[in-house]
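A.B. asks: Quick one: this structure, given as structure tokens, is what I'll be asking you about.
The values are calculated or read from the model by the stated rules, or taken from the named source; none is laboratory data. This is a predicted model, so every value here is computed, not measured. Neighbour counts run over all protein chains shown; Cβ positions are idealised from the backbone, glycine included. For the accessible areas, the whole protein counts, side chains as well, though only heavy atoms, and no ligand, DNA or RNA atoms are used. Shrake-Rupley method; radii C 1.70, N 1.55, O 1.52, S 1.80 Å.
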Amino acid sequence: MNCARQPRQTETTCPYCGVGCGVTATYSQPSDNSQQIPAVSISGTLHHSANQGRLCVKGASLADTLDHEDRLLTPQINGRTTDWETATDFVATQFSQIIAEHGPDAVAFYLSGQLLTEDYYVANKLMKGFIGSANVDTNSRLCMSSAVTAHKRAFGADIVPGCYDDIEQADLLLLIGANTAWTHPVIYQRIVAAKQSRPEMTIVVIDPRRTATCDIADVHLAIAPGSDGFLFNGLLAHLVRTNSLDHEYINAHTEGFQNCLQQAMTTAPSLTDTAQQCALDEAALRKVFDLFATTARCVSLFSQGINQSSSGVDKANSIINCHLASGKIGKPGATPFSITGQPNAMGGREVGGLANQLAAHIDFSDPDAIQNVADFWQTKTIARQEGLKAIDMFSALHRDEIKAIWIMGTNPAVSMPNNNFVTEALKNCPLVVVSDCVASTDTTDCANVLLPATSWGEKDGTVTNSERMISRQRQFLPIPGEARHDWQIICDVADKMGFSDAFNFDNQASIFREHAALSGFRNSDKGKYRLFNISGLSRLSDTAYDNVTPRQWPVINNPKYDQAPDSSSKRLFSNGVYVTPNNRARLTGISPQLPQASCSAEYPFMLNTGRIRDQWHTMTRTAKAPQLVTHTEEPFINLHPDDAATLELGFQSLALISNSYGSCIVRVVLNDDQQPGQAFMPIHWNQQYASRASVCSLFPAYSDPLSGQPELKQAAISIKPFAAAWYGSLISRNALTPPACEYWCKIPCEQGYRYMLAGSQQPENWQSWFEESLQLNDDQLIMSSANNKHFRLASFNDHILETAFFTAPVPPVLNYQWLQQQLGAQIKPGAQRQMILAGRPATAGKEKGKILCSCFQVGENCIREALSAGCTNVEELTEKLKCGSNCGSCLPEIKDLVRNNSKTMPMACC
Ligand code: SF4
């Protein structure tokens, strides 16, 4: 008997974005040791300083992502299930043979900001310390490596000086290339609350698109794509012209001022020039520059819009220059702030998980420092020069110079630029090992060896968020199948490669202690002082590690490790002492560059990319929660209505997006959020969810020469209508291999799956086309028009609706919410079955429309109807429908509807 015990609670950390919210999981633990997943409820941890109880809809939906469907649960070699002993033997032997034959640089690891710090540490130690190559890079290269390089250039180390409190305390907040409302929603919620309590706080959004974040902006500067360097050089020049520099700070705490100033004055000779370079209204630009000049408490929060650029380092330094030259750093409410994308991008940087770092904020520039790490690790084979960064790594793989790669917890076949090239490289590589918790991804499909890793809720270790806060991710779920922790898998392989003494860790706590000890090892040498120092945590007992509370680094010899974070570690550089050899921050002369991509007659549109509100990365987890799919169901391109009219692309039509690197077919969504000539596509879709919607296939591998971060925000594309001869919709209780057609996309729902389909040529016989790929039961109901252009089919198994298919020359108008509810329902022959073929219930008017509030599944149509019925503002809508009353992520879109209410038509609704 499976008696449930009293509910238990575990405090852990959200696995999605770099905000690093504390999550409390409440669950009943079965009394036996079964692998059964307990019922789990999720709430925000009240006393976690990052979120103080808040969660966004992704974090709040974590409980719906814990099932074992699609999980990789056993090791596999060449498609055959095997045991761990055989799998780790195979990996160790193959790696050892390749290294013996071709040298250590013939192998590589590609890691992930999703890994825990302990996993990251042992992977980095194995490759750089013992294999002897620095070919370890990570998907964080795609996310914030430009900010890392800019920090090192300006401060002497990769330091985010500020903290989240600064964002709330700022009187002027610049949000640059950061759609915070969707990408870091809890920070956005904190900004909204701060603005409500201090309406005088001014918020400026600098972004080519009008994003959801603009909802709270006092000013939106719709900057020309990629021209940020011109804007911030212009700001520095404006500070000079308006006598707004802090010369005392410049003289006492910086170097390089004259060169920096000269570059700024040369490239920004007047405000008019800067406005023209950035395609901005001069008066609006002057207003923002004057605000910066006259406001002491100013935070410049920047993200991928700055970093994902072929000149991302310069752009980040141009922002930092303005803060250093005006003394707006190291003070409450005053800092440049790079916010990271992933939950443990910062932890990966701490252990040295980038190819141009060694370990513990030590790079390859100082032979003595390298020797210190070699001494600490007790190794003679330490790497002494930088390895290959991601783009170069996959190019070397393509050239067969790298002959074995081990990819952990990431999906480069989707996320790398020019991903068709990357996929080809992976398919041709002699040995591709992938550790993942998901069985089928675009990357696992290229692997020779699959190693099942634990997932969120099963893993146990630490992560560091964007404000240097180290938090625990704790295990509260049983480990399914044969899955193992990443650090255990790596240590097993290291053992079999002959490095057992260095990898005989008992548990994750012992790895953390070693990582913390390394951070403090010989870390007091004059002129070589490293601010990343958590040696105060190096003696945590296993129990103390289990119970450790969130804390910001540095943590130096602080025996009271279970108290609140030191106030001294909360905000760095408050004393103006930097970690450069002369302790001065470096002002860097910037020569701004535009993106490598430029539009042409052949490729006249500039494509921008980003995340959408409710999905994360390549959807492997978030697509498991149907409520997260309802907000945006299909891959899409946002186009300005004027462009769509010129291209003869109508509402809901499909478009073929292409350039010389790749092509996509996606749904057209019209709005004027972007300027004419610009377009936007999300990053999430891949071949598991759509036939051709992987946006990175359209991006060449241009990268920043200093950071190696690819330019993933600007690609020149052409857009054409996809000439569909037919459109189809398929609903099914089970996941299917879609029938052959140019466009399909898979939409998970509560009861099964929906597939949207389209093709340029109509099959001669729908039923045979259909049955070529899908096995249907004989109990079928079919309706077909005489000209074969309209065809509908429903298939039943023991009166249960299993599958239904609808096709027409235009997208069939169906009530999907109702249809999906019929999947799995008993439907006897008769009128009820006819309704299935009709695609809607007998009584009309129950469609919610696009779901805006994912938490309470409130659709756009319901909100429009409430507005028609007299609601006049968001508060009244919330009172009536509850929309927006939980995480608040939908509030910008609801406010848009309220604003546009006078232009909208009443609609039938639920
Ligand atoms: Fe997770 Fe949302 Fe918090 Fe990011 S903002 S850490 S996705 S709950």
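A.B. asks: Against the condition among the small types (Gly, Ala, Ser) and either within 16 Å of the ligand (Cβ to nearest atom) or in contact (Cβ under 8 Å) with a residue 24 or more places away in the chain (or both), how does Gly79 come out, does it pass? Spell out how you get there, then give the answer.
C.D. replies: Values: among the small types (Gly, Ala, Ser): yes; either within 16 Å of the ligand (Cβ to nearest atom) or in contact (Cβ under 8 Å) with a residue 24 or more places away in the chain (or both): no.
Criteria not met by Gly79.
A.B. asks: Continuing with this model, one more query. For Ser773, only one of the following conditions fails: (1) polar (S, T, N, Q); (2) in contact with a strand residue (DSSP E or B) (Cβ under 7 Å, 6 or more places away or on another chain); (3) open to solvent by 10 Å² or more (accessible area, probe 1.4 Å). What is its number?
C.D. replies: Exception for Ser773: condition (2).
A.B. asks: Something else: Can we say Ile800 is touching a strand residue (DSSP E or B) at 6+ places or on another chain (Cβ under 7 Å) and open to solvent by 50 Å² or more (accessible area, probe 1.4 Å)?
C.D. replies: Values: touching a strand residue (DSSP E or B) at 6+ places or on another chain (Cβ under 7 Å): yes; open to solvent by 50 Å² or more (accessible area, probe 1.4 Å): no.
When the stated conditions are applied, Ile800 does not pass them.
A.B. asks: For region 741-754: of the residues being free of Cβ contacts under 8 Å to residues at least 60 places away in the same chain and among the hydrophobic types (A, V, I, L, M, F, W, C), which is surrounded by the fewest Cβ atoms within 10 Å (Cβ to Cβ)? Reasoning before the result, please.
C.D. replies: Residues of region 741-754 free of Cβ contacts under 8 Å to residues at least 60 places away in the same chain: 741, 744, 746, 753.
Subsequent filtering for residues that are among the hydrophobic types (A, V, I, L, M, F, W, C) retains 741, 744.
Numbers: Cys741: 20, Trp744: 23.
Applying the filter and picking the extreme gives Cys741.
A.B. asks: Between a residue in region 788-803 that is closer than 20 Å to Leu736 by Cα and any residue that is of a type in the set (A, V, I, L, M) and part of a strand (DSSP E or B), which pairs come within a Cβ distance under 6 Å, given they are 6 or more apart or on different chains?
C.D. replies: Qualifying pairs under 6 Å: Arg792/Met783; Leu793/Ile782; Ala794/Leu781; Ala794/Ala804.
A.B. asks: Now a separate question. Being in a loop (DSSP other than H, G, I, E, B), under 30 Å from Ser28 (Cβ atoms) and in contact with a Phe, Trp or Tyr (Cβ under 8 Å, 6 or more places away or on another chain), is that true of even one residue in region 397-418? Please lay out each step first, then the result.
C.D. replies: Pass one, region 397-418, residues in a loop (DSSP other than H, G, I, E, B): 399-403, 409-411, 416-418.
Narrowing further to those that are under 30 Å from Ser28 (Cβ atoms): 409.
Going one step further and asking which of them are in contact with a Phe, Trp or Tyr (Cβ under 8 Å, 6 or more places away or on another chain), we end up with none.
No, region 397-418 has no match at all.
A.B. asks: Then there is this: Which residues, counting only those in region 18-73, are acidic (Asp, Glu), away from the ligand (no atom under 16 Å from the Cβ) and surrounded by 16 or more Cβ atoms within 10 Å (Cβ to Cβ)? Spell out how you get there, then give the answer.
C.D. replies: Narrowing region 18-73 to residues acidic (Asp, Glu): 32, 64, 67, 69-70.
The next check asks that each one be away from the ligand (no atom under 16 Å from the Cβ); those that pass are 32, 67, 69-70.
Selection gives Asp70 alone.
A.B. asks: Ok, one more. Mind listing whichever residues of region 229-260 are among the aliphatic types (A, V, I, L, M), over 23 Å from Ala147 (Cβ atoms) and touching a residue at least 60 places away in the same chain (Cβ under 8 Å)?
C.D. replies: Leu245, Ala252
A.B. asks: In this structure, does Glu634 turn out to be among the acidic types (Asp, Glu) and either on the phi > 0 side of the Ramachandran plot or assigned by TED's automatic domain parsing to the domain that holds Pro225 (or both)?
C.D. replies: Working: among the acidic types (Asp, Glu): yes; either on the phi > 0 side of the Ramachandran plot or assigned by TED's automatic domain parsing to the domain that holds Pro225 (or both): no.
Answer is no for this residue.
A.B. asks: Report whether or not Glu101 is more than 22 Å from Asp392 (Cα to Cα) and among the acidic types (Asp, Glu).
C.D. replies: Values: more than 22 Å from Asp392 (Cα to Cα): no; among the acidic types (Asp, Glu): yes.
So Glu101 does not fit the description; no.
A.B. asks: Can we say His617 is open to solvent by 30 Å² or more (accessible area, probe 1.4 Å) and out of contact with any strand residue (DSSP E or B) (no Cβ under 8 Å at 6 or more places or on another chain)? So that I can check it myself, show each step before the final result.
C.D. replies: On the way: open to solvent by 30 Å² or more (accessible area, probe 1.4 Å): yes; out of contact with any strand residue (DSSP E or B) (no Cβ under 8 Å at 6 or more places or on another chain): yes.
Spelling it out, His617 is indeed open to solvent by 30 Å² or more (accessible area, probe 1.4 Å) and out of contact with any strand residue (DSSP E or B) (no Cβ under 8 Å at 6 or more places or on another chain).
A.B. asks: Let me ask another. For region 260-273, which residues satisfy the criterion of being surrounded by fewer than 14 Cβ atoms within 10 Å (Cβ to Cβ) and assigned to a helix (DSSP H, G or I)?
C.D. replies: Those that are surrounded by fewer than 14 Cβ atoms within 10 Å (Cβ to Cβ) and assigned to a helix (DSSP H, G or I): Gln262, Thr266, Thr272.
A.B. asks: Let me ask another. Restricting the search to region 707-733, which residues are open to solvent by 20 Å² or more (accessible area, probe 1.4 Å) and not in a strand (DSSP E or B)?
C.D. replies: The initial filter retains those residues of region 707-733 that are open to solvent by 20 Å² or more (accessible area, probe 1.4 Å), namely 713, 720-725, 727, 733.
The answer is Lys713, Phe722, Ala723, Ala724, Ala725, Arg733.
A.B. asks: Give the number of residues within region 353-393 that are β-branched (Val, Ile, Thr) and open to solvent by 30 Å² or more (accessible area, probe 1.4 Å).
C.D. replies: Total meeting the criteria: 1.
Condition check ((1) away from the ligand (no atom under 16 Å from the Cβ); (2) under 23 Å from Ser854 (Cα atoms); (3) at pLDDT below 95; (4) touching a helix residue (DSSP H, G or I) at 6+ places or on another chain (Cβ under 7 Å)) across all residues:
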residue: Gln596; (1), (2), (3), (4): yes, no, no, no
residue: Trp616; (1), (2), (3), (4): no, yes, yes, yes
residue: Met619; (1), (2), (3), (4): no, yes, yes, no
residue: Thr622; (1), (2), (3), (4): no, yes, yes, yes
residue: Leu628; (1), (2), (3), (4): no, yes, yes, yes
residue: Asn638; (1), (2), (3), (4): yes, yes, no, no
residue: Asp642; (1), (2), (3), (4): yes, no, no, no
residue: Leu647; (1), (2), (3), (4): yes, no, no, no
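A.B. asks: May I ask you to say which residue of Leu730, Leu757, Leu781, Leu712 is closer than 30 Å to Leu594 by Cβ and in contact (Cβ under 8 Å) with a residue 40 or more places away in the chain? If you could, list the steps in order and put the result at the bottom.
C.D. replies: Values: Leu730 fails: closer than 30 Å to Leu594 by Cβ; Leu757 fails: closer than 30 Å to Leu594 by Cβ; Leu781 fails: closer than 30 Å to Leu594 by Cβ.
When all the criteria are applied, what remains is Leu712.
A.B. asks: Going through region 424-440 one residue at a time, which ones are open to solvent by less than 30 Å² (accessible area, probe 1.4 Å), over 22 Å from Thr74 (Cα atoms) and assigned to a helix (DSSP H, G or I)?
C.D. replies: Ala425
A.B. asks: Just give me the residues in region 483-501 being open to solvent by 20 Å² or more (accessible area, probe 1.4 Å) and of a type outside the set (Lys, Arg), in sequence order.
C.D. replies: So the first thing to find is which residues in region 483-501 are open to solvent by 20 Å² or more (accessible area, probe 1.4 Å), and the list is 484, 488, 492, 495-501.
The answer is Gln488, Asp492, Asp495, Met497, Gly498, Phe499, Ser500, Asp501.
A.B. asks: Of all the strands (runs of 3 or more DSSP E) wholly in region 445-509, which have at least 3 residues that are within 16 Å of the ligand (Cβ to nearest atom) and modelled with pLDDT of 95 or more? It would help to see each step written out before you state the result.
C.D. replies: Details: elements: 449-452, 461-464, 469-473.
Where strands (runs of 3 or more DSSP E) fall fully within region 445-509 and carry at least 3 residues being within 16 Å of the ligand (Cβ to nearest atom) and modelled with pLDDT of 95 or more, they are 461-464, 469-473.
A.B. asks: When you scan region 144-187, how many residues do you find that are more than 16 Å from the ligand (Cβ to nearest atom), in contact with a Phe, Trp or Tyr (Cβ under 6 Å, 6 or more places away or on another chain) and part of a helix (DSSP H, G or I)?
C.D. replies: So the answer is 1.
A.B. asks: Here are some residues: Arg141, Arg153. Which one is open to solvent by less than 10 Å² (accessible area, probe 1.4 Å) and in contact (Cβ under 8 Å) with a residue 60 or more places away in the chain?
C.D. replies: Numbers: Arg153 fails: open to solvent by less than 10 Å² (accessible area, probe 1.4 Å).
Unique residue meeting the criteria: Arg141.
A.B. asks: Counting only residues that are assigned to a strand (DSSP E or B) and buried (at least 24 other Cβ atoms within 10 Å of the Cβ), which one in region 199-210 is nearest to the ligand (Cβ to nearest atom)? Please lay out each step first, then the result.
C.D. replies: Initial filter on region 199-210 (assigned to a strand (DSSP E or B)): 202-206.
Among the residues that remain, those that are also buried (at least 24 other Cβ atoms within 10 Å of the Cβ) are: 205-206.
Values: Val205: 18, Ile206: 21 Å.
Looking at the filtered set, the residue picked out is Val205.
This table checks each residue for (1) at pLDDT below 95; (2) in contact with a Ser or Thr (Cβ under 9 Å, 6 or more places away or on another chain); (3) not in a loop (DSSP other than H, G, I, E, B).
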position: Ile37; (1), (2), (3): yes, no, no
position: Ser43; (1), (2), (3): no, yes, yes
position: Leu46; (1), (2), (3): no, yes, no
position: Asp64; (1), (2), (3): yes, no, yes
position: Thr74; (1), (2), (3): no, yes, no
position: Phe90; (1), (2), (3): no, yes, yes
position: Gln94; (1), (2), (3): no, no, yes
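A.B. asks: All but one of (1) surrounded by fewer than 20 Cβ atoms within 10 Å (Cβ to Cβ); (2) of a type outside the set (Val, Ile, Thr); (3) outside any loop (DSSP other than H, G, I, E, B) hold for Leu736; state the number of the condition that does not hold.
C.D. replies: (3)
A.B. asks: List the residue pairs whose Cβ atoms are under 8 Å apart, where the first residue sits in region 861-883 and is assigned by TED's automatic domain parsing to the domain that holds Val898 and surrounded by 15 or more Cβ atoms within 10 Å (Cβ to Cβ), the second is among the hydroxyl-bearing types (Ser, Thr, Tyr) and not in a helix (DSSP H, G or I), and the two are 6 or more positions apart or on different chains.
C.D. replies: Filtered contacts from region 861-883: Arg864/Thr904; Leu867/Thr904; Thr878/Ser885.
A.B. asks: Related question: Residue under question is Tyr578, and the condition is that it be touching a residue at least 60 places away in the same chain (Cβ under 8 Å), open to solvent by 20 Å² or more (accessible area, probe 1.4 Å) and of a type in the set (Ser, Thr, Tyr); does it hold?
C.D. replies: Values: touching a residue at least 60 places away in the same chain (Cβ under 8 Å): yes; open to solvent by 20 Å² or more (accessible area, probe 1.4 Å): no; of a type in the set (Ser, Thr, Tyr): yes.
Criteria not met by Tyr578.
Yes/no matrix, rows are residues, columns are (1) open to solvent by 20 Å² or more (accessible area, probe 1.4 Å); (2) out of contact with any Phe, Trp or Tyr (no Cβ under 6 Å at 6 or more places or on another chain):
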site: Ala193; (1), (2): yes, yes
site: Ser197; (1), (2): yes, yes
site: Ala217; (1), (2): yes, yes
site: Ser227; (1), (2): no, yes
site: Asn243; (1), (2): yes, yes
site: Asp246; (1), (2): yes, yes
site: Gln277; (1), (2): yes, no
site: Leu280; (1), (2): yes, yes
site: Arg286; (1), (2): yes, yes
